[in-house]
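The values are calculated or read from the model by the stated rules, or taken from the named source; none is laboratory data. Just so we're clear, the structure is a prediction, and the values are computed from it rather than from any experiment. With ideal geometry, Cβ positions are generated from the backbone for all residues, glycine too; neighbour counts draw on all protein chains shown.
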Amino acid sequence: MANQEHDLPLYEKVWLNHPFQRVMDSFILLLLLLLLSYRVFSSNNFTIPWFLAFICESWFTFTWIVILNSKWSPAVTITHLDRLLLRVPELPRVDLFVTTADPVLEPPIITANTVLSLLALDYPTNKLACYVSDDGCSPFTFYALLQASKFAMFWVPFCKKYKIQIRAPFRYFSNVATTKSEHSLEFKQEWSRMKDMYDNLSRKIQHVTSKQIPLQLDGEFAVFSNTEQRIHPTIIKVILENKDGISDGLPHLIYVSREKKQHQTHNYKAGAMNVLTRVSGLMTNAPFMLNLDCDMFVNNPTIVQHGMCILIDSNSGKDVAFVQCFQQFYDGIKDDPFGNQWVTAFEYVIRGMAGLQGPYYAGTNAFHRRNAIYGLYPDEIIESGRKEGKLGEKILIQQFGSSKEFVKSADLAFDGKTYSSNDISPSDSVEAAIKVAECDYERGTCWGKKIGWLYGSISEDVPTGLNIHRRGWRSECCTPDPIAFSGCAPRGLLSTMIQQKRWASGLTVVFFGKHSPLMGMLFGKIQFRAGLSYFWLTNWGLRGVFEVCYAALPTYCILTNTNIFPKGPGLWIPIALLVIYNVYTLLEYLKIGLSVRNWWNNQRMSIIRTTTAWFIGFLSAMLKLSGISDTVFEITEKEPPTSDAGGNNEDAGRFMFDESPVFVVGTTILLVNLTAMLVKILELQPTHGGDGCGLGEFISSMYLIVCYIPYLKGLFGRGKYGIPLSTICKSGIFAFLFVHFCRK
């Protein structure tokens, strides 16, 4: 019986069967193919708009095939913590990475809360080390971490003593009431003490970051005295060190700000992650790494154990390179007015990818196998963990850089060995760590090309995950209950559009680059269906082009009194497609407990973001690929935590605008469609012998106007709720030129 229990897997993957979903997806595909067939066999109606509609609808059909393929075989992963704790007497080391880049857009109090939740994980603390990358080189961030480390000495024992689930203090104290009768007097007293201590910590950080209290740059802070955000030397500070290697103390906490020089490429987040990988390799060299964005706190304190169930499983876990946890948000506005919470995408598409070669790497909430990040293939690691055909020191130096200390640590990682507790002393490795964090260290090496996080795209996560899958590795989803991590979603339209534009730009570069899914399928080990599912992600920017073109066609037809949609019985094909698709997606939302309002907001924002942010992101990527200009990495603003967890303020859910080109495109689309409706109502269309525009063009134009109602309100809004006059003027000029072109 004992042997049988020992043979049981640490995790299981269960494939789900959704016959209704498959039937509906297939039926929608059939309607799309019928529409294409109608266009092909109705050659007597051939015009240039008709042909453009056929091209766009062909792309939409391909996109739907990609989505259908991704959703076809969803899977869930079930982990068994009880088996892990019985069978693995000594859990492996895990290095924890937190990245932040701007103390204004990413307030230090947010980073401090994420770090505190990591320090309080239910995992032997002598097996953990937390590294915080501060790409802004901010003394405020360092100050916040210093203060948080002092609070952690009380917070961590409190969490573990009372088995607190949410271990980010700002969320815990905003959610938990202490008046419940089941709480003991001792707990209530300690709770009050912790609350007072956290409020004091929060006030200190707030006063310093808002410059109400000047921060003296002396002592520990002297190294920040002559630094700028983009020009500074490497700064590495060991804030906490578990020197005795005790399992119930506090983990190591290390602050890292890599060197930056003027006019030198720093490769954004990918460069910061590679520096953390090298610094951690020197100091603790854990075989597994967890990376989080600064706003993604731990919501399930046993999540590291869940991740280890997958990565160290002796059967199914050998070829798993990374474990991805879903991104979920604690402060999402009710009914998701900006369509940025991605609930259905994770539930249907990403869970579907989990049933293939695995989900894509999302840039945060992921456990990584260090050897996979170092460029190894799964078949290069034999049972003992040693890399077959051990590389010579010269080759390792060529690939990993000139630091002999780091090369030695990489060699140990290849051998499946780790430092013993007595050998780990981060403070002794600071000098060597500073060297591997210098700007010039990567020159002539494989970092960013074959090793580590890949360079070349501002969406560094997707090419990195693609490169890992290309080598034959798998990935797995981890969705424990309660959820693993929770973060803050963009709170407004401005930050949502910035994020969407950045993603679309970076993903377009990947789509046309050497790390595209197509290249991975042809020349790597990405399975066909897995590679096809990646197209859902990497063609976001290209989708913007086709949707903008398709949005312009009905308007053109109304203005010129022509048509692109069938008349008579053939019109029922696009009408049935529109109705059935919307009803089906509504059922998908209702099935997972979302509201009708949530569904409509996401349908509306799908049109808005695709025709604006994704379209502009595509143009930005084309400028980069053509060498005309480089893309700019824009950080998504994170709002500091408040007691108002629900986000109930006057701005919640309201559309705010600025002079960004994103809003010029959206306003132009609205003005053109309003003009077309006016021309239609006033019967100002030209007359000619051919078929005029019909019901299909009218419905399409009206649907776009309904989707753009927030922009329509913005035309008449004031202040930040109104579209700026300069944007309206630019859009008016573009709309006039389009109408003039159509009328000619």
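Among the criteria (1) outside any helix (DSSP H, G or I); (2) in contact (Cβ under 8 Å) with a residue 24 or more places away in the chain, the one Gln212 does not fulfil is (2). Somewhere in region 48-71, is a residue modelled with pLDDT under 95 and in contact with a strand residue (DSSP E or B) (Cβ under 7 Å, 6 or more places away or on another chain)? Taking every residue of region 48-71 in turn, none turns out to be modelled with pLDDT under 95 and in contact with a strand residue (DSSP E or B) (Cβ under 7 Å, 6 or more places away or on another chain). For the structure I just gave you, tell me whether Arg171 is in the same structural domain as Phe485 (by TED's automatic domain parsing), crowded, with 22+ Cβ neighbours inside 10 Å and under 21 Å from Thr302 (Cα atoms). So Arg171 does not fit the description; no. Give the residues of region 128-138 that are more than 12 Å from Pro107 (Cα to Cα), at pLDDT 95 or above and of a type outside the set (Val, Ile, Thr), sorted by residue number. Once the filter is applied, which keeps residues that are more than 12 Å from Pro107 (Cα to Cα), at pLDDT 95 or above and of a type outside the set (Val, Ile, Thr), region 128-138 yields Leu128, Ala129, Cys130, Tyr131, Ser133.
Restricting Asp319, Asp335, Asp295 to residues that are at positive phi and touching a Gly at 6+ places or on another chain (Cβ under 9 Å) narrows the list to Asp335.
Residues checked against (1) in a loop (DSSP other than H, G, I, E, B); (2) more than 24 Å from Val672 (Cβ to Cβ); (3) not polar (S, T, N, Q):
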| residue | (1), (2), (3) |
| --- | --- |
| Gly544 | no, no, yes |
| Pro554 | no, no, yes |
| Leu559 | no, no, yes |
| Leu571 | no, no, yes |
| Val579 | no, yes, yes |
| Asn598 | no, yes, no |
| Ile607 | no, no, yes |
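Among the residues of region 518-537, those identified as buried (at least 20 other Cβ atoms within 10 Å of the Cβ) and either touching an Asp or Glu at 6+ places or on another chain (Cβ under 7 Å) or not aliphatic (A, V, I, L, M) (or both) are Gly520, Gly531, Ser533, Tyr534, Phe535, Trp536.
Considering region 454-475, and only residues there that are in a helix (DSSP H, G or I) and touching a Leu at 6+ places or on another chain (Cβ under 8 Å), the residue that is nearest to Glu442 (Cα to Cα) turns out to be Thr464.
Among the residues making up region 161-173, those that are under 13 Å from Leu118 (Cα atoms) and either touching a strand residue (DSSP E or B) at 6+ places or on another chain (Cβ under 9 Å) or modelled with pLDDT of 95 or more (or both) are Ile166, Arg167, Ala168, Pro169. Among the conditions (1) more than 25 Å from the chain's Cα centre (by Cα); (2) at pLDDT 95 or above, the only one that Leu532 does not satisfy is (1). Taking region 721-744 as the range and being within 18 Å of Phe655 (Cα to Cα) and hydrophobic (A, V, I, L, M, F, W, C) as the test, the residues that pass are Ile723, Leu725, Ile728. Counting only residues that are over 19 Å from the mean Cα position of the chain (by Cα) and outside any helix (DSSP H, G or I), which one in region 279-292 is surrounded by the most Cβ atoms within 10 Å (Cβ to Cβ)? If we take residues in region 279-292 being over 19 Å from the mean Cα position of the chain (by Cα) and outside any helix (DSSP H, G or I), then Thr284 is surrounded by the most Cβ atoms within 10 Å (Cβ to Cβ). Any idea which residue in region 321-331 is farthest from His469 (Cα to Cα), counting only those that are of a type outside the set (S, T, N, Q) and surrounded by fewer than 23 Cβ atoms within 10 Å (Cβ to Cβ)? Ranking the candidates gives Asp331 first.
Evaluating Thr100 against the criteria (1) modelled with pLDDT of 95 or more; (2) surrounded by 16 or more Cβ atoms within 10 Å (Cβ to Cβ); (3) not assigned by TED's automatic domain parsing to the domain that holds Ala286 leaves one unmet condition, (3).
In this structure, is Glu106 charged (D, E, K, R), in the same structural domain as Met296 (by TED's automatic domain parsing), surrounded by fewer than 22 Cβ atoms within 10 Å (Cβ to Cβ) and closer than 23 Å to Ser280 by Cβ? Criteria not met by Glu106. Take the residues of region 298-311 that are under 11 Å from Leu84 (Cα atoms) and touching a helix residue (DSSP H, G or I) at 6+ places or on another chain (Cβ under 8 Å): which is surrounded by the most Cβ atoms within 10 Å (Cβ to Cβ)? Across region 298-311, the extreme among qualifying residues is Cys309. What do you reckon, is Glu228 farther than 20 Å from Lys435 by Cβ and in a helix (DSSP H, G or I)? No: the conditions fail for Glu228. No other residue among Asn539, Asn561 is touching a Gly at 6+ places or on another chain (Cβ under 6 Å) and outside the structural domain of Ile468 (by TED's automatic domain parsing) apart from Asn561. Consider Ser192 carefully, then state whether it is touching a Cys at 6+ places or on another chain (Cβ under 9 Å), hydroxyl-bearing (Ser, Thr, Tyr) and assigned by TED's automatic domain parsing to the domain that holds Arg171. Against the criterion (touching a Cys at 6+ places or on another chain (Cβ under 9 Å), hydroxyl-bearing (Ser, Thr, Tyr) and assigned by TED's automatic domain parsing to the domain that holds Arg171), Ser192 does not qualify. Specify the residue that is farthest from Ser620 (Cα to Cα); the eligible residues are those in region 456-473 that are crowded, with 22+ Cβ neighbours inside 10 Å and charged (D, E, K, R). Per the stated criteria, the residue is Asp461. Inclusion of Leu276 among residues that are part of a helix (DSSP H, G or I) and either touching a strand residue (DSSP E or B) at 6+ places or on another chain (Cβ under 6 Å) or of a type in the set (Asp, Glu) (or both) is warranted. Cβ-Cβ distances below 8 Å connect no pair with a first residue in region 45-62 that is within 13 Å of Thr562 (Cα to Cα) and not assigned by TED's automatic domain parsing to the domain that holds Glu547, a second residue that is among the hydroxyl-bearing types (Ser, Thr, Tyr) and assigned to a helix (DSSP H, G or I), and a separation of six or more residues or different chains.
Within region 379-428, count every residue that is of a type in the set (Val, Ile, Thr), modelled with pLDDT of 75 or more, loosely packed, with under 14 Cβ neighbours inside 10 Å and closer than 23 Å to Val320 by Cβ. Result for region 379-428: 0.
Within the set Asp295, Asp335, the sole residue that is farther than 30 Å from Glu431 by Cβ, surrounded by 24 or more Cβ atoms within 10 Å (Cβ to Cβ) and modelled with pLDDT under 95 turns out to be Asp295. The set of residues in region 609-639 that are within 21 Å of Ala489 (Cβ to Cβ), outside any loop (DSSP other than H, G, I, E, B) and touching a Ser or Thr at 6+ places or on another chain (Cβ under 7 Å) contains only Gly617. Within region 127-144, the set of residues being assigned to a helix (DSSP H, G or I) and in contact with a Pro (Cβ under 8 Å, 6 or more places away or on another chain) comprises Lys127, Phe140, Thr141, Tyr143, Ala144. Among all residues of region 582-594, there is at least one that is assigned by TED's automatic domain parsing to the domain that holds Val23, of a type outside the set (Gly, Ala, Ser) and buried (at least 20 other Cβ atoms within 10 Å of the Cβ). May I ask you to say which residue of Arg167, Arg230, Arg171 is closer than 26 Å to Thr284 by Cβ, touching a residue at least 24 places away in the same chain (Cβ under 8 Å) and not hydrophobic (A, V, I, L, M, F, W, C)? None of the other options fit; the residue is Arg167.
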